[in-house]
DNA sequence: TTAAAAATCGCACGGTCGTGCTAATATGTC
DNA sequence: GACATATTAGCACGACCGTGCGATTTTTAA
């Protein structure tokens with residue numbers, strides 16, 4: 001579970017403890033840098049400079065730049081899962097869990113888990129062009145996120161807590177859109193209060209998706 | 001009106017016709033490249049290679065890379081205004097104009113006016129960090145767009161075509177969010193049918209924002 | 001304690017970047 | 001047609017990029 005950075009390397013290499021620490025330190029710096037300036041401006045020389053080690057010292061840990069990028073994404077995924085997905089799954093199944101996921105995402109942006117806002121929103125915009133292997137990795141991650149949102153919505157619908165006549169895909173799109181733009185604007189303007197627009201948008205979208213007959217009172221607890 | 005690329009150069013230089021043509025060709029290629037791979041990977045050498053002219057030939061037209069970036073953004077703004085804003089302003093004032101703006105934006109993405117989707121969505125994500133002068137230019141452009149959406153909404157509210165109790169800023173945020181995500185996803189998956197999610201999201205948001213008493217029938221013409 | 005191997009460094013390579021400088025060439029004006 | 005000058009090419013520079021290689025240092029297991 002906690003062994004994240006094990007892409008297919010595995011076998012004949014007993015890692016040394018100091019090496020593992022450096023490896024982790026590099027990935028941490030890489031995630032911060034990439035979340036602010038994008039994976040594209042993630043540079044081996046720059047990481048080395050910032051960490052006070054040599055370029056070769058950094059390079060030796062990933063034997064190509066692509067590998068460094070992949071591991072950075074994987075490490076960020078682990079953090080995202082821990083900071084956003086797991087807290088939401090702790091909420092009771094159904095509509096509450098949908099709300100928890102949205103709240104959890106906005107809080108993750110607000111707390112500055114990554115200094116440049118949501119790590120994956122950055123990726124989404126950066127690799128919309130077919131830029132090789134990274135593009136596919138981004139698509140897979142995106143699909144997973146969208147799938148999760150949709151799944152939680154569908155469950156809420158089965159429980160009668162959201163209008164079952166609304167396509168889950170469509171509702172997922174709308175919630176996702178609010179989360180993303182809240183992230184972008186709050187990052188661009190460096191103003192976390194903009195996240196409240198996202199919160200209100202999520203709330204009003206969910207209100208509009210309440211099952212028929214449960215309307216008229218706009219909010220359950222306002 | 002059509003003289004776009006006149007940043008403060010103006011005075012003592014009567015441009016020659018061939019030079020002006022090259023200048024325009026460079027900007028065209030620059031916009032295409034930047035919309036697909038971002039302003040960051042806009043490179044003088046690469047532009048030269050693609051256009052079959054020398055690096056110095058490109059460089060001479062903008063006397064710094066920053067200037068090239070600024071002019072590229074300015075040129076893209078002109079196209080955006082022509083392709084999105086002006087058609088919307090041709091629609092009758094009020095709610096219709098709000099709908100026209102959203103439709104016009106999504107159509108602009110769909111038609112592939114820029115090969116990498118919306119030029120400014122790319123910028124929004126790329127310069128969320130404080131990366132110098134370009135950042136400010138992006139903020140200004142963003143503010144202008146958001147202001148336009150908000151203004152059209154406010155007008156529709158004054159005319160009683162949208163619920164005046166909803167904050168115009170909030171409604172603008174929600175519509176904008178749908179447009180942006182539709183752009184991102186359709187670009188990422190290279191599937192323009194994803195834009196229909198945006199269209200439906202816009203429609204349902206506007207329906208939910210209809211003035212009180214005009215509800216119950218979900219769509220005016222469905 | 002010693003030996004194997006992992007971690008790190010220093011150095012070098014070819015490539016591309018942005019940017020100057022000078023020289024050749026094309027255009028538009030008188 | 002000639003002259004001024006805008007345009008473009010050619011070349012060089014220093015900086016940084018990713019990547020390889022050998023030497024050195026540090027950890028760890030026998």
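Using only the alpha-carbon atoms, how far is helix B:168-188 inclined from the longest principal axis of chain B? Give it as 0 to 90 degrees, nearest 10. Here the helix axis deviates by roughly 60 degrees. When chain A is treated as a GNM with alpha-carbon contacts under 10 Å, the residue of A:110, A:20, A:37 showing the greatest mean-square fluctuation is A:20.
Looking at the square roots a ≥ b ≥ c of the eigenvalues of the Cα gyration tensor of chain A, which shape do they give, rounded for a/c under 1.5, prolate if a/b is larger than b/c, or oblate? Prolate. Residue by residue along A:182-193, Cβ atoms of other protein chains within 10 Å of the local Cβ number 4 on average. Sorting A:163-176, B:197-210 by their mean Cβ neighbour count within 10 Å, with the most densely packed peptide first, gives B:197-210, A:163-176. When a/c is below 1.5 the answer is rounded, else prolate if a/b is larger than b/c, else oblate, so apply that to the protein assembly as shown with a ≥ b ≥ c taken from the square roots of the Cα gyration tensor eigenvalues. Oblate is the answer for the protein assembly as shown, as a/c is 1.5 or above yet b/c matches or exceeds a/b. For the stretch B:95-176, the square roots a ≥ b ≥ c of the C-alpha gyration tensor eigenvalues yield an a/c of 1.5 or more together with a/b not exceeding b/c, which makes the shape oblate. To the nearest ten degrees, helix A:133-158 and the longest principal axis of the Cα atoms of chain A are 30 degrees apart.
Between residue B:65 and residue A:207, how high is the FRET efficiency from 1/(1 + (r/R0)^6) when r is the Cβ-Cβ distance and R₀ = 41 Å? Nearest 0.05. Efficiency computed from Cβ-Cβ geometry: 0.25. Placing a label point 7 Å from Cα along the Cα-to-Cβ axis, residue A:83 is separated from the same position in the other copies by 3.5 nm, shortest listed first.
Measure nothing but the geometry: give the 0 to 90° angle between the long axis through the Cα atoms of B:195-208 and the longest principal axis through the Cα atoms of chain B, rounded to 10°. Once rounded, the angle reads 40 degrees.
Counting only DSSP H runs of at least 4 residues, each contributing -39500 (n - 2.57), and dividing by the residue count of the protein assembly as shown, the helix-based mean residue ellipticity at 222 nm comes to -20000 deg cm²/dmol. Entry note, the stretch B:69-208: relative contact order of 26 percent, from Cα contacts under 8 Å with a spacing of 6+ residues.
Ranked for footprinting exposure by Cβ neighbours inside 10 Å, fewest first, B:114, B:80 give B:80, B:114. If I build a Gaussian network model for chain B, linking alpha-carbon pairs within less than 10 angstrom, which residue out of B:109, B:84, B:58 has the largest mean-square fluctuation? Comparing B:109, B:84, B:58 in the GNM, the peak value goes to B:58.
Readers should treat all values here as calculations from the given coordinates under stated rules, not as data from a laboratory. Owing to the predicted nature of the structure, the values given are computational and were not obtained by experimental measurement. Positions of Cβ are generated from backbone atoms using ideal geometry, with glycine treated the same way; all protein chains shown enter the neighbour counts.
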